[in-house]
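Undergrad: Okay, here's the structure, questions in a sec.
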Amino acid sequence: MGIKYKLHPSFPEFKKDLFNIKEVFSKDNEIIHKARNVLKVVPLHGVDTVVKAFRIPNAINQFVYAYLRKSKAYKSYFNALKLEELEVNTPSPIGFIEFYSNGFFKESYFLSKKFDYELTMADIRDNPPVDKDPILKAFTRFTYEIHQKGVWHIDYSGGNILINRDNDTYNFSLVDINRMEFKTISEYQGLENFNKFWFNETDLTTIAKEYALLANLDEKKAIKEIIFQDKKLKDHVLRRRKLKAFFYQ
């Protein structure tokens, strides 16, 4: 079985663990997420390490990831390095490894340092704290700043934005970063990036006003755009759910 890997130069002691990651991951460690992919917290060398095991892709994508496209583990690692270069918070990357069999892509893992946080943007939506509005405005400023740096997080959603409070300051960190683009983000385009948060119209309006102020946009047009993008995605998701229910009833 072939392998491909990259280890951050700051963590040379992790090399053996990286090569034995399947055995390390199989042990009874703390699971922090289990869906298509599984995330566990594994103590290694005195570091609480988050190990993300990506689901083995279907047969077609096993060929695609082997020869045509970079894997999710690869992109998670190198996107994290790019974010650090741009001074955008994300858990510190440790390394990634890919396993191949008969020339086809199989398992892959991404390792990073555990990032301790108080809450996520999903918490702001589902269980609004008393400082919800200041957080929404601070989050909008954070989003505008990363847009100015050319960062477009495709999976920009509630659970992928971690928050820590520091007195009256809010610090945000990005996770689930394997799907990102680094590009110029034009004017009103940035408002589309809020469409996966499922905020109510009042919160979307708060965000649109703050973003318009920062980007020097027409406020009414910004509000109209963010609500349009939100409704567009919600309608798309609803159509998919209805279609799925029709075929599986």
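Here, each number is a calculation from the coordinates, and none is a lab measurement. Computed from a predicted model, the values in this text were never measured in an experiment. Note: ideal-geometry Cβ built from the backbone for every residue, glycine included; neighbour counts use all protein chains shown.
Undergrad: If you stretched the chain out fully between Ile60 and Glu219, how much longer would it get, using 0.36 nm times the residue separation minus the C-alpha to C-alpha distance? Each step should come with its number before you reach the end.
TA: Working: separation 159, 0.36 × 159 = 57.24 nm, distance 4.61 nm.
Result: 52.6 nm gained on full extension.
Undergrad: Arranged from highest to lowest average of other beta-carbon atoms within 10 Å per residue, in what order do the peptides 88-100, 134-146 appear?
TA: Taking the mean over residues of other Cβ atoms within 10 Å, the ranking is 88-100, 134-146.
Undergrad: Okay, next question. Once every DSSP H run of n ≥ 4 in the chain is given -39500 (n - 2.57) and the sum is divided by its residues, what mean residue ellipticity at 222 nm do you get, rounded to the nearest 500 deg cm²/dmol?
TA: Rounded to the nearest 500, the figure is -13000 deg cm²/dmol.
Undergrad: OK, next. Using Cα pairs closer than 8 Å and at least 6 residues apart in sequence, work out the relative contact order for the range 2-113, in percent. Write down the numbers at each step before the final one.
TA: On the way: 181 pairs, mean separation 35.8, N = 112.
Relative contact order, the range 2-113: 32 percent.
Undergrad: Moving on. When only alpha-carbon atoms count, how far does the range 143-249 stretch along each of its three principal axes, as whole angstroms with the largest first?
TA: In descending order, the Cα extents are 50, 31, 30 Å.
Undergrad: Amide H of Lys114 versus every other amide H placed in the peptide plane: which residues, excluding those fewer than 5 positions away on the same chain, fall under 5 Å?
TA: Asp48, Thr49, Val50
Undergrad: Now for a separate question. Can you check what the net charge comes to around Tyr144, using other residues whose Cβ is under 13 Å from the Cβ of Tyr144 (Lys, Arg +1; Asp, Glu -1)?
TA: Local charge sum for Tyr144: +1.
Undergrad: Tell me, what HN-Hα J-couplings in whole Hz come from the Karplus equation 6.51 cos²θ - 1.76 cosθ + 1.60 at θ = phi - 60° for each residue of the range 50-67, using x for Gly and Pro?
TA: 8, 10, 10, 9, 7, 4, 5, x, 5, 4, 5, 6, 5, 6, 4, 6, 7, 10
Undergrad: Quick one: 3J(HN,Hα) in Hz for the range 107-118, Karplus 6.51/-1.76/1.60 with θ = phi - 60°, rounded, Gly and Pro as x.
TA: Result, ordered by residue: 7, 8, 9, 10, 10, 8, 6, 5, 10, 7, 8, 8 Hz.
Undergrad: Sort all Cα-Cα distances of the range 2-113 into consecutive 10 angstrom bins from zero, then give the percent of pairs in each bin up to the one containing the longest distance.
TA: Pairs per bin, as whole percents: 14, 47, 33, 6.
Undergrad: At 7 Å along the Cα-to-beta-carbon direction for both Glu145 and Thr202, put a label point, then send me their distance in nm to one decimal.
TA: 2.8
Undergrad: In nm², what is the average projected area of the convex hull enclosing the Cα atoms of the chain? Provide the component values of the computation, followed by the final result.
TA: Details: hull surface 64.0 nm².
Projected area, direction-averaged: 16.0 nm².
Undergrad: To continue, here is another question. Exceeding 27 Å between C-alpha atoms, which entries from my cross-link table qualify? They are Lys70/Lys132; Lys15/Lys70; Lys114/Lys209; Lys6/Lys234.
TA: Cα-Cα > 27 Å for Lys70/Lys132; Lys114/Lys209; Lys6/Lys234; rest within.
Undergrad: If you don't mind, there's one more thing I want to ask. Would you mind counting up the charge near Val38? Only other residues with Cβ under 14 Å from its Cβ, with Lys and Arg at +1 and Asp and Glu at -1.
TA: Around Val38, the surrounding residues sum to +4.
Undergrad: With the crude spin-label approximation of a point 7 Å out along Cα→Cβ, what separation in nm comes out for Tyr117 versus Ser10?
TA: Label at Tyr117, label at Ser10, 1.8 nm between them.
Undergrad: Which distance in nm do the two modelled labels at His33 and Arg125 give, with both placed 7 Å along the Cα-to-Cβ direction?
TA: Here the answer is 1.4 nm between the modelled labels.
Undergrad: All other residues with a Cβ under 10 Å from the Cβ of Leu191 taken together, and with Lys, Arg as +1 and Asp, Glu as -1, what is their net charge?
TA: Net charge in that neighbourhood comes out at -2.
Undergrad: Turning to a different aspect of this structure: Give Lys82/Lys231; Lys75/Lys113; Lys16/Lys52 a once-over and call out the pairs whose C-alpha atoms are over 20 Å from each other.
TA: On the way: Lys82/Lys231 32 Å; Lys75/Lys113 17 Å; Lys16/Lys52 17 Å.
Over 20 Å apart, Cα to Cα: Lys82/Lys231.
Undergrad: With the contact rule set at Cα under 8 Å and sequence spacing of 6 or more, what percent relative contact order holds for the chain? Display every interim value, and only then the final one.
TA: Values: 384 pairs, mean separation 40.3, N = 249.
Reported as a whole number, the value is 16 percent.
Undergrad: Give me the extension gain from Glu84 to Leu233: residue separation times 0.36 nm, minus the current Cα-Cα distance, reported in nm with one decimal.
TA: So the extension gain works out to 50.6 nm.
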